[in-house]
Amino acid sequence: MSTTASRGVLVTGASRGIGAATARAFAAVGDRVALHCRTSRDLAERVRGDLPGDGHLVVTGDLADPAAVRGFVDAAVGGLGRVDVLVNNAALYVDAPGARRLDHRVDDVDFEQWQAAWRRTVEVNLLGTADVTYLVARQMMATGGGGSVVNVGSRGAYRGEPDAPAYGATKAGVHAMGQSLALALAPYGIAVTTVAPGFVDTDMAAQALFGERGAAVRAQSPFGRVARPEEVAAAVLWLASPEARWASGAVLDLNGASYLR
Ligand code: NDP
């Protein structure tokens, strides 16, 4: 991987939240960023427009659609010349703003709802992430020079997600995928790491951070708050750096001491 200050970086889910903060963090150190989103192109274009430097672009596609994944990975590689860093950040918990929340408690939903929630969550969060990673890793292997993959997992993989067990399971899968690929890709000079954040102040967590429930969520950390997206982005930036090569295989907890394992 190039150690100069102009890497090509693909950040999935960069229209808002942690992904947008991560795009800003990489651009601030001189990297060129392909900002991916599903449908919020306007939002992503706004994030792109505020980034310092040149060569940034927006790419779109639903992670659950393998043809769309191939399309946006190709567009990112074409626009950047080469992807040196992949940040697997996009995921779903709430399907879309205003849509029915994809909660699927085992003691609440019927069998059809259970199946629908599991299938959609696995297709997006796990299979989609695996597909993006395959295509980018193969490009890194073909062009040589190594690279970094940083996955955004979740504390929920360890602490449990009783309202959304499929979400927790997919995040555990992302952690395990990262560890397997760290072994498989090290011979190609590609480091693979994962962050496991607790609650972060984004759209995804908005409902959980509101009202009395929000106070309880903030009290989970002895700091009495949840993370800012920039705090996750800073860790991702470091994990993607040449200095963090030896962290390959790690899953880094970022939860303000709210859950110690
Ligand atoms: P947001 O809901 O704020 O943003 C999600 C991003 O993912 C958007 O850019 C969205 O694109 C994209 N996305 C969602 N569904 C799809 C899909 N089917 N195909 C392609 N892109 C999609 O999320 P956060 O910033 O909160 O979360 C980012 C990551 O951090 C996720 O992996 C999440 O699981 C993880 N995380 C978040 C925590 C939190 O408390 N917020 C805690 C722990 C982990 P679009 O705007 O077009 O819909």
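The values are calculated or read from the model by the stated rules, or taken from the named source; none is laboratory data. Please read all numbers here as calculations on a predicted model, not as lab measurements. As a convention, Cβ positions derive from the backbone with ideal geometry for all residues, glycine included, and neighbour counts pool all protein chains shown. When the accessible area is computed, the model is the full protein with side chains, heavy atoms only, and any ligands, DNA or RNA have been set aside. Shrake-Rupley method; radii C 1.70, N 1.55, O 1.52, S 1.80 Å.
At-a-glance table
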{"read-out": "FRET E, pair THR143, ARG245, Förster distance 22 Å, beta-carbon r, rounded to 0.05", "value": "0.75"}
{"read-out": "TRP238/TRP114 FRET efficiency (R0 30 Å; Cβ-Cβ; nearest 0.05)", "value": "0.20"}
{"read-out": "Sulfur and carbon atoms: percent of accessible area, the chain [1.4 Å]", "value": "56 percent"}
{"read-out": "Highest-first arrangement of 34-40, 121-127, 186-192, where packing means the average Cβ count within 10 Å", "value": "34-40, 121-127, 186-192"}
{"read-out": "Alpha carbon convex hull of region 149-261, projected area averaged over orientations, nm²", "value": "7.1 nm²"}
{"read-out": "For region 127-135, Karplus couplings with θ = phi - 60° (6.51, -1.76, 1.60), whole Hz, Gly/Pro x", "value": "5, x, 5, 5, 5, 4, 5, 4, 5"}
{"read-out": "Quotient of C-alpha Rg and 2.2 N^0.38 Å, computed over the chain", "value": "0.96"}
{"read-out": "Using alpha carbons only: equivalent-ellipsoid semi-axes of region 142-202, gyration tensor based, whole Å", "value": "27, 12, 8"}
{"read-out": "1.4 Å probe accessible area per residue over the chain, in Å²", "value": "45 Å²"}
{"read-out": "Spin-label proximity, LEU183 to region 111-139 - amide N less than 19 Å from point 7 Å beyond Cα toward beta carbon", "value": "130, 134"}
{"read-out": "Rounded to 10°, Cα long-axis angle of helix 229-239 versus longest principal axis of the chain", "value": "40 degrees"}
{"read-out": "Translational diffusion coefficient (Stokes-Einstein; Kirkwood radius from C-alpha pairs) of region 54-187 at 4 °C, 1.567 mPa s, in µm²/s", "value": "81 µm²/s"}
{"read-out": "Computed E for PHE210/TYR134 - FRET, C-beta separation, R0 35 angstrom, nearest 0.05", "value": "0.40"}
{"read-out": "Global size of region 1-60 as Cα Rg and Dmax, reported in angstrom", "value": "10.4, 33"}
{"read-out": "Theoretical gain in end-to-end length, ASP65 to ALA257 [0.36 nm per residue, Cα-Cα removed]", "value": "65.5 nm"}
